[in-house]
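For reference, the structure is listed below as structure tokens.
The values are calculated or read from the model by the stated rules, or taken from the named source; none is laboratory data. Keep in mind the model is a prediction, meaning the values are calculated, not measured. Heads up, the Cβs are rebuilt from the backbone with ideal geometry, glycines too, and the neighbour counts pull from every protein chain shown.
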Ligand SMILES: Cc1ncc(COP(=O)(O)O)c(C=O)c1O
């Protein structure tokens, strides 16, 4: 049997291991800024909701409890400004990564179909296309967003268009007028838009807009779906709590497939998600922590000779010294700081590094001192 893994790109993180070892040898220990994994506690109200639902002997449903669907629809309306969001417009998923990886397969895409995603992107969009044996096509975000019809993204055979705003890795944000143009173009060509908005509540110098905002989608969700995750906004990466919202025909079909596949969010996590989405205070507090870490790291990196591009939102600084990214990785590893090379996210990132500010205040302070 041919190995399915042979269809996939090489797992790049192994290449970072020697640099991790170098950074770990620093006498004051490693400052690991290479991954965007939350390090602050799960807010107490969410932990309590999880514990209160610990006695859950029966199977949960894929669509989730009515309380969960109310919470998802309510949050989408309140936080994203979407209108008339019904239960049929929401669907929980088991963390957004599995959705991204299996979406083309679950949509029934295959050879002859194209899946497009930004040239600099979270690698799982490409993985999803390859798992389905669809053709993976990368587009340049700036030129495509400026003029979708004039850009070199050919709509023929294109079935699924991934947007990611705010972007991992660049922290760039698509403006409302750019989203409007893209959605219009996609609808004209019958291309389904999936907009990964995992970092929507983490805007610093920009206010990210959802594809579900009525100014963008015209108040109808036809052909548009947004992907949201609680991993970053609520420190819930360990819970696997995420959902999609938008076109009910697409979500209805995904629900059928995912029921057959047993892709259920555990009942205690469903309860925790309801609590998390009903509370904005912990998000405000977490944002303040990240804002301080971001400001400290940004100043230190710039003082150390880095230029920061984009980075208006998300949990990353997209930084360059105008040299090959692996030279930057090596230089910072000598200082005991581990970052992600930009070429992990596409060759367009080969002179950048991605610096996550998901480290404790103590570790961020250590990095700032070493860069000084
Ligand atoms: C752009 C983007 N999408 C999706 C994910 C997956 O998040 P999760 O599976 O924790 O919901 C990540 C994680 O880093 C991400 O950066």
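Per-structure values
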| quantity | calculated |
| --- | --- |
| Number of the condition not met by residue 82 [criteria: (1) within 16 Å of the ligand (Cβ to nearest atom); (2) closer than 25 Å to residue 263 by Cβ; (3) crowded, with 21+ Cβ neighbours inside 10 Å] | (1) |
| Any hit, segment 29-39, residues being farther than 23 Å from residue 164 by Cβ, part of a strand (DSSP E or B), within 16 Å of the ligand (Cβ to nearest atom) and in contact with a helix residue (DSSP H, G or I) (Cβ under 8 Å, 6 or more places away or on another chain) | yes |
| Count - residues of segment 224-250 that are within 14 Å of the ligand (Cβ to nearest atom), part of a loop (DSSP other than H, G, I, E, B) and buried (at least 18 other Cβ atoms within 10 Å of the Cβ) | 11 |
| Every residue from segment 45-85 that is assigned to a loop (DSSP other than H, G, I, E, B) and under 24 Å from the mean Cα position of the chain (by Cα) | 62, 63, 64, 81, 82, 83, 85 |
| Any hit, segment 344-354, residues being buried (at least 23 other Cβ atoms within 10 Å of the Cβ), at pLDDT 95 or above, assigned to a strand (DSSP E or B) and under 20 Å from the mean Cα position of the chain (by Cα) | yes |
| Residue in segment 42-55 that is within 30 Å of residue 337 (Cβ to Cβ) and surrounded by 13 or more Cβ atoms within 10 Å (Cβ to Cβ) present | yes |
| Which listed residue is at pLDDT 95 or above, surrounded by fewer than 20 Cβ atoms within 10 Å (Cβ to Cβ), closer than 27 Å to residue 210 by Cβ and more than 16 Å from the ligand (Cβ to nearest atom), from 334, 323, 327, 253 | 253 |
| Among the residues listed as 300, 276, 319, 292, the single one being touching a residue at least 24 places away in the same chain (Cβ under 8 Å) and not in a helix (DSSP H, G or I) | 319 |
| Unmet requirement for residue 152, which otherwise passes all of (1) modelled with pLDDT of 95 or more; (2) more than 16 Å from the ligand (Cβ to nearest atom) | (1) |
